[in-house]
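The values are calculated or read from the model by the stated rules, or taken from the named source; none is laboratory data. Being a predicted model, the structure only gives us computed values, none of them experimental. Note that we place each Cβ from the backbone using ideal geometry, even for glycine, and neighbour counts take in every protein chain shown.
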Amino acid sequence: MIDVLVVGAGPAGLAIAAALCDLGLRVAVLAPVAPGGAWPNTYGVWVDELADSALQPLLGQRWTDCVVCAGGRSFDLGREYGLFDNARLQAHLLHRCERANMTWHQGTAQRVYHAPDASHLVTSAGETITARVVIDASGHAAALVQRPAPQRVAHQVAFGIVGTFTAPPVRAGQLVLMDFRYDHLPGDAKAAQPTFLYAMHLGGERYFVEETSLASKPPMHFEVLEQRLYRRLAARGVTVRTIEHTEHCLFPMNLPLPYLDQPILAYGGAASMVHPASGYQVGAALRLAPRLAAALAQVAGQPNAGPVALAGAGWEALWPSAAVRNRNLYELGLHSLLNFNAAELDEFFGAFFQLPYPAWTGYLSNTLTTPQIVRDMVGLFIKAPNPIRAGLVRSALREPALLTTIVSGQ
């Protein structure tokens, strides 16, 4: 019998499968397609988040000229950013799995039932796969893991283009993490729903430009984002010459945490690991996989440990009480952003990037302790203009349940 069955073979699924294989556990992966299927989206990461030096060569692009345009200013971030070469990252993770003789099953999960000593997963084709514990890493629409019914979920939505342009949309060698300028919007632009430009030079004449809604409820339509992207470019005298690839991203920012007492684990988007402050997840999935694998390996050494014991250890490693409290703080911040229009969000981030370097970097990377998050939220409140302060207070008062969980530590 295998120790762990991982459902899903995206970056998060392969990251945890590889980490488990590294520790000698018997692992299987269930995915709809054969290994090596292309990942369609781009995955960015701050280079300093890749503590494992073996991952840094898997970056296809790196930028040291990284800026944010907000609050009428351009901020030189002084932090290196990278974009994964998907094929290289996937090959690296698959190699670690294959050298441990990981088993691959092609299909989709239909249901799972649990016995004291093992979990039994039934695929849509009727195959039954037995493992000591199952990890659902099939994304935010995961079918196996249980969670409270989603309410007031905000989505990040983006429309992007890889291609060539009649003029450079950003300067050569540059990455624009966020450009909140809204002067290209028609009518009462200040009251418009906020979006920002995420853009980078890919070398030669190739650029990636993406119009992004950081968080909206209901989610913005791709057509609106596409129109805004073209309008933004046109306002700067830029038109699209050729399109190599278009990207459509849509995912929840604040999906409720799964129930942490169920005898099945989740990872990646299925485990609500998307950072509510930024929408990033892949860097965390790569960083936290060894910790989760180590917790499972320790319990797997006990011969009678079944799904309840293994999943319990996994949930504690993935979502200890401090991490849950931090997530509640980030979610409180997210709800504040949902109430800002384009002008207000521009001013908000103009204040945010004036915070000390360790504060804003740690906030975006989700590496701060609870006291540090609170300190930095207070610091941001002090720096923000009065209308933004008032908006933050109003938003906090609208979220009494979140405030209660933060104060109580639950």
Inside the range 243-264, can you point out the residues that are outside any loop (DSSP other than H, G, I, E, B) and under 21 Å from Q151 (Cα atoms)? C249, L250, F251, P252
Which ones in the range 342-359 are of a type in the set (F, W, Y), buried (at least 21 other Cβ atoms within 10 Å of the Cβ) and out of contact with any strand residue (DSSP E or B) (no Cβ under 6 Å at 6 or more places or on another chain)? F348, F352
Subset of the range 132-143, residues farther than 30 Å from N339 by Cα and surrounded by fewer than 23 Cβ atoms within 10 Å (Cβ to Cβ), comes to A143
Suppose we filter A277, A305, A293 for residues that are aliphatic (A, V, I, L, M) and part of a helix (DSSP H, G or I); which single one remains? A293
Does the range 232-275 hold any residues that are among the hydrophobic types (A, V, I, L, M, F, W, C) and within 30 Å of D183 (Cα to Cα), and which are they? L233, A234, A235, V238, V240, I243, C249, L250, F251, M253
Scan the range 169-179 and tell me whether some residue there is out of contact with any Phe, Trp or Tyr (no Cβ under 6 Å at 6 or more places or on another chain) and of a type in the set (D, E). no
Restricting attention to the range 339-349, and to residues there that are in a helix (DSSP H, G or I) and touching a helix residue (DSSP H, G or I) at 6+ places or on another chain (Cβ under 8 Å), which single residue is farthest from N386 (Cα to Cα)? A342
Given the condition without any contact (Cβ under 8 Å) to a residue 24 or more places away in the chain, part of a helix (DSSP H, G or I) and surrounded by fewer than 18 Cβ atoms within 10 Å (Cβ to Cβ), answer yes or no: does some residue in the range 74-89 qualify? no
Name the residue that is nearest to the chain's Cα centre (by Cα), counting only residues in the range 9-45 that are over 16 Å from N86 (Cα atoms) and of a type outside the set (A, V, I, L, M). P32
Can you go through A28, A12, A38, A51 and tell me which one is at pLDDT 95 or above, out of contact with any Leu (no Cβ under 7 Å at 6 or more places or on another chain) and in the same structural domain as S138 (by TED's automatic domain parsing)? A12
Is there a residue being out of contact with any helix residue (DSSP H, G or I) (no Cβ under 8 Å at 6 or more places or on another chain) and over 23 Å from G36 (Cβ atoms) anywhere in the range 90-101? no
Among the residues that make up the range 316-327, is at least one of them assigned to a loop (DSSP other than H, G, I, E, B), surrounded by fewer than 18 Cβ atoms within 10 Å (Cβ to Cβ) and at pLDDT 95 or above? yes
Does any residue of the range 53-72 turn out to be in contact with a Phe, Trp or Tyr (Cβ under 9 Å, 6 or more places away or on another chain), part of a strand (DSSP E or B) and closer than 30 Å to V133 by Cβ? no
Which of the residues that make up the range 140-155 are modelled with pLDDT of 90 or more and farther than 15 Å from P219 by Cβ? A142, L144, V145, Q146, R147, P148
Working only within the range 130-149, note down all residues that are assigned to a strand (DSSP E or B) and either free of Cβ contacts under 8 Å to residues at least 12 places away in the same chain or not small (G, A, S) (or both). T130, R132, V133, V134, I135, D136
